[in-house]
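Rule-based calculations on the coordinates, nothing more; no lab input. Note that the coordinates shown come from a computational prediction; the quantities given were computed from them, not determined experimentally. Note: ideal-geometry Cβ built from the backbone for every residue, glycine included; neighbour counts use all protein chains shown.
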Amino acid sequence: MHMDRSRIPTRTPRSKARWAPRALLVSLAGVAVLLTGLAAVVIPAGVPAAAATPPQQGWTTQEAPLPADAGNGSTNPDVYTASSACPASGGCTVVGWYDDTSGNPWGLIETQSGTSWTQTQAPQPSNAGSGSNQALWLGSNSCGISVPCHAVSCPTSTYCVAVGQYKDTAGYTLPVIETLSNGSWAATEGALPSDAATDVGPAHPQSYLFSVDCTSATSCVAVGSYNNTSDEFNGFIDTLSGTSWTAAVTQLPSGAAASGSELIGISCATASSCTAVGTYRDTSGGTNGLIVMLANGNWTATRAPEPADAGNDGDSHQDGELIQPSCASPTACEAVGFYESTSAGTEGLIDSWNGSTWTATTAPLPSNGITAFAQLTTVSCASAASCTTVGIYDDNTGGSLGLIDTLAGGTWTATQAPMPSNAASGSAQNALLFDASCPTPAFCLSVGEYIGPNDAETGYVETLVGGSWSTLEAPVPANAAVTGGLYSVARTVACYSPVACTVGGYYADPGNTQGFLDTFTGVQGYWLGASDGGVFNYGNAQFEGSTGSLHLNKPVVGIGSTPDGGGYWLVASDGGVFTEGDALFHGSAGSLVLNKPVVGMAATPDGGGYWLVASDGGIFNYGDAGFFGSRGGQPLNKPIVGMAATADGKGYWLVASDGGIFNYGDATFAGSAGSLVLNKPVVGMAATPDGGGYWLVATDGGIFNYGDALFYGSSGSLVLNKPVVGMAASPSGKGYWLVASDGGIFNYGDAPFYGSAGSLVLNKPVVGMAS
């Protein structure tokens, strides 16, 4: 890798002295009701026979389990967790390597099932070496030395691919592909181009795969580097189509040297649209960022564009590299890395693809940043319009801090990563963010390391929720202790949804380096609101209070939750708002004379405001909820029955009982049921987490889906005890719940059944739900 190695961790596999501190890169009647019984409704096929047991909220940590031959005592297991993937809540996979009792590295696979982890020693290809020639690294032995690798991809819970390198019987390194299928892992040598070096020479193999992305169990792309028979080093691409892998030498732009290219990152928006990035040398000796794109069945290469102040070969300041891409669609990609400016400063580089052109942007810096040094390490795009990239920058005190750049509204903005309270200050600080996972525009996790107590390398986690970033020291097992300047390092993160994430890293116990696996669990449950303001909570959604024991002027018609799940609002038909838990009061329409009654509400993504909507489409906005338009005073075919907000809070949709949709602000129209003859009227809606689509639900439980909202099932063909009155999307957007007026719950997709009020005698009917 060509990244500035004087500023990054210089990890050597199987080394105890792993890091140098300055060598960084860089409510019913007011009572909570929690049921475990069945809903007293006609349950659709596939719903569990009993309520699922919800996981405990918060962070948990454990030492990574290791195979029986892992080093111990006098031999350090030297565990390294390199990359992670989360295809399901509580079903993540983390890969890396460890040392056995002879000090030889073995590939390590950690598999999560709920709250427990199990290890698998990565199997070896048939031509793998043994004894002193035994070695296998998932992620390759370079992963994490200068840049992060994304060495495992799991398109489903039952299929994964991990890549890296291993030593053959002659002790030379070759690419390895590990595949999980039918419940077990199998290894194969990665396909190499026809001109690859061989054991017989004269040039010998030195090849690896670094990153992989799979869109399905029959379509994957992996990238890395190999040397050919002329001992020229270049990037190559391995492609899985069906059941066979094939290799191709990477295409290079005009003016490229014969040797010196490599591919580092890969992102596939679809099976036929992929972007790989890396670096190459030109004939003048400069290094340049490399972009290779798959479209119409062909790969084409482009020199990564750079900002106007980039150096050039003539002034000896040409040094650029792209590290990771993230493609939300074939027409929306972001790729990040660094370039060297004419002033010899290293700057963060963001290259953006709009479907026809790549454009370059210098990564913005916080107000305390200086232009001497900044680099970006990875990027994660939750949607085409929402991305987060992280890395490192130098501040004006002589220290280095974590850098967070966020794309929203078409503009990149910079944030200084907040630091834990025990962090060193000023020039003694040298923090870095290394990896990031953003499952939705409103939620993101990033991990890295900072200088903590005892001048030791310490892992930390940055969390975006409610529109702001917060930090905490990465949880580690109780036996962690500072050893040789190392306490802990957080290296990889993957999130299935905003409430289910995994962080991997390593830490020092007395005399050894062990792996750690952290699990974050947010609110995995739901609240039901009744017309008297009674609240019923299920899963790990906490009861924060209700108005069930109060005398209300008007009935409650809706409920909305705060971003962190620590509270909720109830809204009455007169526009009165009731707050519980950490939900703040921002205003209400309770003292106004309304033209029509309020029928629902939606909160802003940061919880700093909310909108109320009346049946005539009139909008009342409070707190930081902006007014983007309304249907008030305009003729409607049918009354408005609900609303949903966009992911960034800069728009909203209204839905009428005939399924008509009205969109305002940045809410895009994806379709409606307004022209259909409905069996039953629509009563509510929910938006996908990225704002790219929405669902409508009718009183019979029929579902209408638009945009990127997928159909997971409905109760439209069932005989219901009571009509459906509302719905809520699961945190991932890959499922939803429907609620009936008797509190019966219907769950579809990945939305678990945690319980219902369907078997209770209610004081008043349920009117809505929140998750």
What fraction of the Cα pairs in segment 268-403, stated in percent, has a spacing above 24 angstrom?
-> 29
Three principal axis lengths of segment 99-256 [C-alpha, angstrom, descending] | 51, 38, 30
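Hey, any idea what Rg/Rh is for segment 244-283, computing Rh the Kirkwood way over Cα pairs?
Over the Cα atoms of segment 244-283, Rg/Rh equals 1.03.
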For the peptides 565-575, 699-709, what is the packing order when you average, over each peptide's residues, the other Cβ atoms within 10 Å and list the highest mean first?
-> 565-575, 699-709
Taking the convex hull of the alpha carbon atoms in segment 386-450, what volume per residue do you get, in Å³?
-> 78
Leading residue at positive end of dipole, the chain (Cβ point charges), from 140, 647, 192 = 647
If you bin every alpha carbon distance in segment 540-579 into 5 Å steps from zero, what whole percent lands in each bin?
-> 6, 23, 32, 21, 13, 5, 0
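Can you give the relative contact order of segment 462-613 as a percent, counting alpha carbon pairs under 8 Å and 6+ residues apart? Don't jump to the answer; show the numbers that get you there.
Working: 315 pairs, mean separation 22.2, N = 152.
Result for segment 462-613 is 15 percent.
Would you mind checking 722/764; 554/596; 680/734; 554/764; 638/734 for any pair whose Cα atoms are more than 18 angstrom apart?
The answer is 680/734; 638/734.
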How long are the three semi-axes of the equivalent ellipsoid for segment 710-752, computed from the Cα gyration tensor as the root of 5 times each eigenvalue, in whole Å, largest first?
-> 18, 11, 7
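Using the C-alpha atoms of segment 427-555, what convex hull volume per residue, in cubic angstrom, is computed?
On the way: hull volume 19.9 nm³, N = 129.
Given the Cα convex hull of segment 427-555, per-residue volume reads 155 Å³.
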Where does each of 228-238, 537-547, 624-634 land if you order them by average Cβ count within 10 Å, highest first?
-> 537-547, 228-238, 624-634
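Taking a ≥ b ≥ c as the square roots of the eigenvalues of the Cα gyration tensor of segment 176-247, is the shape rounded (a/c under 1.5), prolate (a/b larger than b/c) or oblate? Please report the intermediate quantities before stating the final value.
Values: a/c = 2.67, a/b = 2.02, b/c = 1.32.
It comes out prolate by the Cα gyration axes.
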Here the Kirkwood hydrodynamic radius of segment 220-348, Cα-based and in Å, equals 15.0
Can you list the equivalent-ellipsoid semi-axes of segment 547-619, largest first and in whole Å, using the square root of 5 times each Cα gyration tensor eigenvalue?
-> 19, 15, 9
Per residue Cα convex hull volume in Å³ - calculated over segment 586-656 = 72
Whole-Å semi-axes of the ellipsoid equivalent to segment 594-753 (Cα gyration tensor, √5λ, descending) | 23, 18, 14
Given 93-101, 361-369, 387-395, the highest-first ranking by average Cβ count within 10 Å works out to 387-395, 93-101, 361-369
What percentage of all Cα-Cα pairs in segment 231-301 are separated by more than 15 Å?
-> 53
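Of all alpha-carbon pairs in the chain, indicate the percentage at a distance above 46 angstrom.
Values: 73003 of 296835 pairs.
So the pairs more than 46 Å apart make up 25 percent of the total in the chain.
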Could you work out the local net charge near residue 683, counting Lys and Arg as +1, Asp and Glu as -1, over the other residues with Cβ closer than 15 Å to its Cβ?
-> 0
Could you run the Debye sum over the Cα atoms of segment 352-423, one equal point scatterer each and no solvent, and tell me log10 of I(q)/I(0) at q = 0.20 Å⁻¹, two decimals?
-> -0.86
